1. Do you know which residues across the stretch 80-112 are open to solvent by 70 Å² or more (accessible area, probe 1.4 Å) and aliphatic (A, V, I, L, M)?
2. Is there any pair linking a residue in the stretch 83-112 that is more than 16 Å from residue 63 (Cα to Cα) and aliphatic (A, V, I, L, M) to one that is at pLDDT below 95 and open to solvent by 50 Å² or more (accessible area, probe 1.4 Å), with Cβ under 6 Å and at least six apart or on different chains, and which?
3. For the stretch 56-79: of the residues being free of Cβ contacts under 8 Å to residues at least 12 places away in the same chain and in a helix (DSSP H, G or I), which is surrounded by the fewest Cβ atoms within 10 Å (Cβ to Cβ)?
Amino acid sequence: MRNPLLPFAAIAIVAIIAMVSLSYFGVNQAQQAAEGPAMTEMNPEELYAAKGCTGCHGGNLEGGVGPALTGVGERLSAEEIANIIVNGQGSMPGGLASAEEAEVLATWLLEQ
């Protein structure tokens, strides 16, 4: 006679392996989400809009409440632009973007 617990044991082993695998992938995915997108994946135009820069600096960098950003690279270096984005200046508040996001935006603004 066969052991009646053998099929249940096999199912339990498969279920444990599945749970461990799913847990690993879930934790890994959560860590990636917490770290945010890599700098190479950030689209500066989308980042500019998502961070609310358009509200003060305009959709075409033409300015409005805040100064125009066209040609800002002629007046400031990438480091100075990133510093302003992270720390704020004048009526612009700081903390609107992370240091990595500020670097992406600063590099893009140099070309505008």
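1. 96, 110
2. 86/99; 96/51; 97/51; 104/39
3. Going through the qualifying residues, I end up with 74.
The values are calculated or read from the model by the stated rules, or taken from the named source; none is laboratory data. Values in this document were obtained by computation on a predicted structure and should not be read as measured data. Backbone-built Cβ (ideal geometry, glycine too); neighbour counts: all protein chains shown. We work out accessible area using only protein heavy atoms, side chains counted, and drop any ligands, DNA or RNA first. Shrake-Rupley method; radii C 1.70, N 1.55, O 1.52, S 1.80 Å.
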